[in-house]
Structures are given as structure tokens and as C-alpha cells.
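Quick notes on the structure that follows.
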Amino acid sequence: MSEMSFEQMLEESLKTIRNGEVVEGTVIDVKPDEIILNIGYKSDGIISRSEYTNEPNVDLTTVVKVGDTLSAKVVKVNDGEGQVVLSYKRLAAEKGSKRLEEAFENKEVLTAKVAQVLAGGVCVVVDETRVFIPASLISDTYEKDLAKFKDQEIDFVITEFDPKKRRIIGNRKTLLVSQKEEAQKELFGKIAVGDVVEGTVKNVTDFGAFIDLGGVDGLLHISEMSWGRVESPKKVFTVGQTVRVYIKSISETKVALSMKFDDENPWKDAEIKYAVGNVVTGKVARMTDFGAFVELAPGVDALLHVSQISKDHVEKPADALTVGQEVEAKVVDFNVEEKKISLSIKALFAPEEPEVKEESDEDVADVNIEEVASAIEE
């Protein structure tokens with residue numbers, strides 16, 4: 001039996017490996033795009049950047065250092081140059097897949113950063129395993145711009161797991177719905193009609209604004225925004241603005257809000273301020289064919305009928321008045337129940353005395369002479 005050479009004995013002492021096997025090694029060199037491992041084999045193992053992570057352009061010298069111990073999967077025993085091709089991410093993906101399977105079965109809440117935004121949803125990566133979250137499951141409301149989720153850490157659960165078809169689906173919506181229900185339950189246990197609360201403007205529409213009260217959105221209708229007239233809510237409120245409101249009504253999960261506080265009610269002392277006979281000042285707010293509405297205070301409009309605009313005849317209000325013009329008028333009617341006030345500018349002027357013609361002595365003489373003549377003739 002012939003003796004083995006030193007090289008043969010060394011080779012025999014080294015372990016054998018095969019494709020698909022998991023090996024452990026020590027990092028002996030690191031380059032920005034490559035890691036070299038001593039795996040106790042006749043050749044060193046090489047992990048390229050693309051086989052280390054799915055993240056592009058990562059400098060491997062920033063994540064691994066010489067002396068670190070790594071486990072990797074054998075992709076190819078000989079790459080043609082005598083080196084062993086290894087994959088760190090494939091082994092991590094297998095571990096990640098197992099991790100996700102357990103999370104799916106246990107309905108565990110996971111947290112991961114959004115790695116990619118697609119047309120129909122986003123992708124997150126858990127231990128090098130991709131999870132797809134469809135756009136319909138990323139939020140409890142419609143999200144037009146998914147790009148805002150890029151690099152954002154989000155919570156989700158796995159609602160579908162089929163690694164053979166590479167179909168692992170995440171769901172964030174169900175968590176948000178559950179959280180909102182809990183917040184609603186807590187809030188409804190604390191609030192009551194008449195309570196004054198603070199909220200944040202969440203959305204503004206043509207008919208009102210939705211106010212986040214902390215788990216429940218309340219509607220502040222345009223008619224409840226002010227005692228005065230509000231032409232457009234978008235000119236008054238902005239998203240994110242903090243507002244003070246009071247709860248007008250609660251119906252199941254719907255909350256109606258108001259900013260028309262009683263202590264600010266302009267009609268509170270109206271019977272005194274606008275009593276019949278009082279002279280008041282206001283601005284022309286708007287006009288119709290039959291008259292002009294004069295704003296005496298925010299929320300208090302009075303009618304100045306076309307027949308009361310001037311002592312002279314006025315065909316239509318626009319012939320004598322302009323919107324924004326300040327006018328002085330007298331209150332001629334006040335109805336507290338219907339909150340109606342009627343004004344008159346014409347009433348400010350004293351009625352004209354009828355013209356009396358003074359008779360001269362000559363006229364008197366003429367009349368007397370005529371009367372006498374007539375009597376003589378008779």
C-alpha cells in the first residue's frame with residue numbers, strides 16, 4: 001500500500017460538501033461586493049453582494065467584518081475557478097419563510113420596512129423573504145399615493161401563506177380597523193352630547209370638515225362652523241389644524257359637531273340691540289330683486305325691502321346699493337321666534353309737511369268781490 005502525499009492527506013482531512021448543504025465559516029476577507037469565508041474545505045467560500053441581500057448597492061464592508069462567523073447555503077461547489085459559491089440570503093429566506101409560516105399560524109403581528117412600491121401594492125422583507133401587501137390591504141381607507149409608504153416601518157399580519165407558489169400576502173388594513181374599533185369604543189365611553197373637545201381637521205369638503213377626535217371622525221357641517229355665513233369650508237380650515245368644537249349629537253358611530261357656542265350667539269341680546277325704533281348700522285351682504293340683506297353682526301341679517309331703501313322710488317336694490325356698502329337704517333319690525341328683522345332707511349327721514357299756500361290780501365279782495373258780484377246777480 002503506497003503512502004499518501006502530504007497534499008492528499010490534507011485533502012482527506014478536509015470535509016466534503018455538496019450543493020444545497022448549509023455550511024458555517026469564518027470571514028477572512030471582506031470587499032464592498034464580496035465576502036470570503038473559510039469553511040474548512042479545500043477551497044474558500046464566496047458570497048457575492050447579490051447572494052448576501054436583496055438590498056441593492058450595499059457596501060458589504062459596512063455589514064460584515066473579518067472574524068465574523070456566518071452560515072450560508074452551498075450554491076455551487078466549484079464555480080470553475082475552484083471556489084465555492086455560497087448564498088447567505090437563500091438560507092435567510094428559508095429561515096424567514098419558516099418564521100412567516102409560524103406568524104401566519106399564530107396570527108402574529110409583524111413589523112417590517114417597506115422595501116418596494118409597486119403599482120398594485122408594496123413589498124416588505126422579513127429575513128430576506130418578500131411579503132406582498134396589496135394596495136387594498138395597506139390601509140382602511142383608499143390610498144392614492146403608495147409612494148409615501150416607501151422606507152416606512154409598518155405593522156401587518158400574514159393572511160395568506162403559500163411558499164410553493166411564492167404567494168405570501170400581508171394585511172395592514174385588518175390591524176387598522178381593529179385599532180379604530182378599540183379607539184371608538186374607548187372614546188364613546190368618555191364623550192357625551194354637549195362636551196367641548198379638541199380635534200384635528202382630517203379632511204375638508206364643500207359641505208363640511210371631518211374632525212379626528214382621537215379614534216372617531218366627527219362631522220362639522222358648514223352650517224355649524226360659525227354663527228355667520230361660511231361660503232367655503234376650504235377657505236376656513238386646513239388639514240392638520242387643531243379646532244375646538246362641541247358635540248352636538250351622537251348617533252351610533254356618527255358624531256355631529258358644532259362651533260356655534262351659546263356664549264357667542266349673536267341673537268342672545270338681539271331683542272335689546274335691535275328693538276323696533278332703534279337705529280342700527282350694517283353692511284349690505286347680498287341683494288335680491290325685492291330687497292337687500294344687511295349684516296348687522298356675524299349671523300344676524302336684516303331685510304331692507306326695496307320700498308324702504310329711499311324716500312324716492314327705487315326700481316331694484318342694485319340701483320341704490322352695492323354689496324359691502326355700510327348703511328344706517330331704523331328697525332321697523334323684529335320677530336324673535338323666526339329671527340327676522342326688517343329695516344327702513346326711508347323711516348329715518350321725517351315726513352314732509354303738506355305745502356300750504358298763503359293767500360294774499362289781493363286774492364282775498366278778489367274772492368270777496370266775486371262773491372259779492374255773484375250775490376248781486378242772483
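The values are calculated or read from the model by the stated rules, or taken from the named source; none is laboratory data. Keep in mind the model is a prediction, meaning the values are calculated, not measured. As a convention, Cβ positions derive from the backbone with ideal geometry for all residues, glycine included, and neighbour counts pool all protein chains shown. Ligands, DNA and RNA are excluded from the accessible area calculation, which covers all protein heavy atoms including side chains. Shrake-Rupley method; radii C 1.70, N 1.55, O 1.52, S 1.80 Å.
For Lys164, the criteria (1) more than 22 Å from the chain's Cα centre (by Cα); (2) in contact (Cβ under 8 Å) with a residue 24 or more places away in the chain hold in every case but one, which is (2). From the list Ala147, Ala112, the lone residue that is closer than 22 Å to Tyr52 by Cβ, of a type in the set (A, V, I, L, M, F, W, C) and open to solvent by less than 70 Å² (accessible area, probe 1.4 Å) is Ala112. Could you grab me the full set of residues in region 280-293 that are assigned to a strand (DSSP E or B), farther than 15 Å from Ala270 by Cα, in contact (Cβ under 8 Å) with a residue 12 or more places away in the chain and not small (Gly, Ala, Ser)? Listed by number, the residues that qualify are Lys283, Val284, Arg286, Met287. Filter region 241-266 down to residues that are in a loop (DSSP other than H, G, I, E, B) and open to solvent by less than 50 Å² (accessible area, probe 1.4 Å), then give me how many there are. Residues in region 241-266 being in a loop (DSSP other than H, G, I, E, B) and open to solvent by less than 50 Å² (accessible area, probe 1.4 Å): 5 in total. For first residues located in region 205-221 and closer than 21 Å to Phe261 by Cβ and free of Cβ contacts under 8 Å to residues at least 24 places away in the same chain, partners that are polar (S, T, N, Q) and not in a loop (DSSP other than H, G, I, E, B) and lie 6+ apart or on another chain with Cβ distances below 7 Å form the pairs Phe210/Asn203; Asp212/Thr200.
Restricting region 231-240 to residues that are surrounded by fewer than 16 Cβ atoms within 10 Å (Cβ to Cβ) and either without any contact (Cβ under 8 Å) to a residue 24 or more places away in the chain or not polar (S, T, N, Q) (or both), the residue that is farthest from Thr205 (Cα to Cα) is Gly240. Whether any residue in region 130-141 is free of Cβ contacts under 8 Å to residues at least 24 places away in the same chain and not hydrophobic (A, V, I, L, M, F, W, C) is what I want to check. Within region 130-141, one or more residues are free of Cβ contacts under 8 Å to residues at least 24 places away in the same chain and not hydrophobic (A, V, I, L, M, F, W, C).
Consider region 43-71 and keep the residues that are touching a residue at least 40 places away in the same chain (Cβ under 8 Å), more than 46 Å from the chain's Cα centre (by Cα) and open to solvent by 30 Å² or more (accessible area, probe 1.4 Å). The one that is nearest to Val23 (Cα to Cα) is Ser71. Checking each residue in region 158-192 for being open to solvent by less than 90 Å² (accessible area, probe 1.4 Å) and closer than 21 Å to Ala256 by Cα picks out Lys180, Ala183, Gln184, Leu187, Phe188, Gly189, Ile191, Ala192. The single condition among (1) hydrophobic (A, V, I, L, M, F, W, C); (2) closer than 27 Å to Ser223 by Cβ; (3) surrounded by fewer than 19 Cβ atoms within 10 Å (Cβ to Cβ) that Ala318 does not satisfy is (2).
Quick check: is even one residue across region 72-80 in contact with a helix residue (DSSP H, G or I) (Cβ under 6 Å, 6 or more places away or on another chain) and either open to solvent by 60 Å² or more (accessible area, probe 1.4 Å) or not acidic (Asp, Glu) (or both)?
yes
Scanning region 130-144 for residues that are open to solvent by 70 Å² or more (accessible area, probe 1.4 Å) and over 26 Å from the mean Cα position of the chain (by Cα) turns up just one, Arg130. Screening region 334-352 for residues that are touching a residue at least 24 places away in the same chain (Cβ under 8 Å) and open to solvent by 80 Å² or more (accessible area, probe 1.4 Å) and picking the one that is farthest from the chain's Cα centre (by Cα) gives Phe349.
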